[in-house]
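Okay, so here's the structure we're looking at.
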Amino acid sequence: MAGYDIRVIGDPVLRQKAKDITDVDDALVRLVDDMLETMYEAPGIGLAAPQVGVQKRLFVWDVGMGPEAIINPEIVESDGEWLFEEGCLSVPGLSWEIVRPKTIHIVGRDLDGNEMSFEADELESRLFQHEMDHLEGTLLIERLDDETRKAALKTIRDLQFGSNGPARRSTGDGLTLP
Ligand code: ZN
């Protein structure tokens with residue numbers, strides 16, 4: 001019952017750069033648990049702290065291998081190109097084909113302070129890149145070309161997201177589950 005409301009496009013918190021995490025305390029551990037609960041309820045496969053209104057560099061995910069969380073993540077390498085239909089829990093019900101690097105190497109810390117390092121490909125890589133964007137205050141519509149973005153913004157205005165927004169499709173944050 002500790003789930004958060006997911007912030008939707010138009011909320012200024014989604015446009016702010018998140019801050020580095022310097023301490024892992026009980027409150028942060030609770031935040032991670034609550035974010036995971038919120039993500040599963042949505043349902044989604046990834047969720048970044050700014051999406052629940054918290055300006056911290058942290059995201060959680062589960063691509064079917066169990067819940068994970070990463071603190072102060074950084075993409076240290078990226079390669080290739082991959083076109084994929086991407087959605088976002090903060091832009092509910094909509095998705096667009098977006099090109100991003102196909103593979104990335106991401107590093108960060110877990111809640112115990114241990115180093116995390118993943119070489120991710122395709123779906124997982126896309127998810128990580130999408131969540132990293134949230135930590136920079138970037139939404140997926142900024143990854144669209146000008147014309148597509150204008151049309152997207154019009155659609156979003158017409159839909160008037162809010163507490164009584166449109167029914168959500170089962171898109172995960174960052175990608176559509178196969
Ligand atoms: Zn998102």
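The values are calculated or read from the model by the stated rules, or taken from the named source; none is laboratory data. Values in this document were obtained by computation on a predicted structure and should not be read as measured data. When we count neighbours, we look across all protein chains shown, and the Cβ atoms used for this are built from the backbone with ideal geometry, even at glycine. Just so you know, the surface numbers come from the protein's heavy atoms only, side chains and all, with ligands and any DNA or RNA stripped out. Shrake-Rupley method; radii C 1.70, N 1.55, O 1.52, S 1.80 Å.
Data table
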| read-out | value |
| --- | --- |
| Antiparallel %, DSSP beta bridges [both residues in segment 12-159], to 5 | 95 |
| Per DSSP, loop GluC sites (Glu not before Pro) in segment 56-86 with at most 11 further Cβ within 10 Å | GLU81 |
| Accessible surface of the chain, 1.4 Å probe, proportion on carbon and sulfur as whole % | 46 |
| Three-way shape call for segment 39-110 based on the alpha-carbon gyration tensor, with the a/c threshold at 1.5 | oblate |
| Radius of gyration and maximum dimension Dmax of segment 51-155, Cα, Å | 14.2, 45 |
| For the chain: span of alpha carbons on each principal axis (Å, largest first) | 44, 40, 29 |
| At q = 0.14, 0.19, 0.21, 0.26 Å⁻¹, base-10 log of I(q)/I(0) for segment 1-83 (Debye sum, equal scatterers on each alpha carbon) | -0.51, -0.90, -1.06, -1.35 |
| Span from the segment 108-164 Cα centroid across to the segment 44-60 one, whole angstrom | 10 |
| Probe 1.4 Å, accessible area per residue of segment 12-159, Å² | 48 |
| Amide H within-cut-off set for LYS56, under 5 Å, with H built and near neighbours excluded | LYS19 |
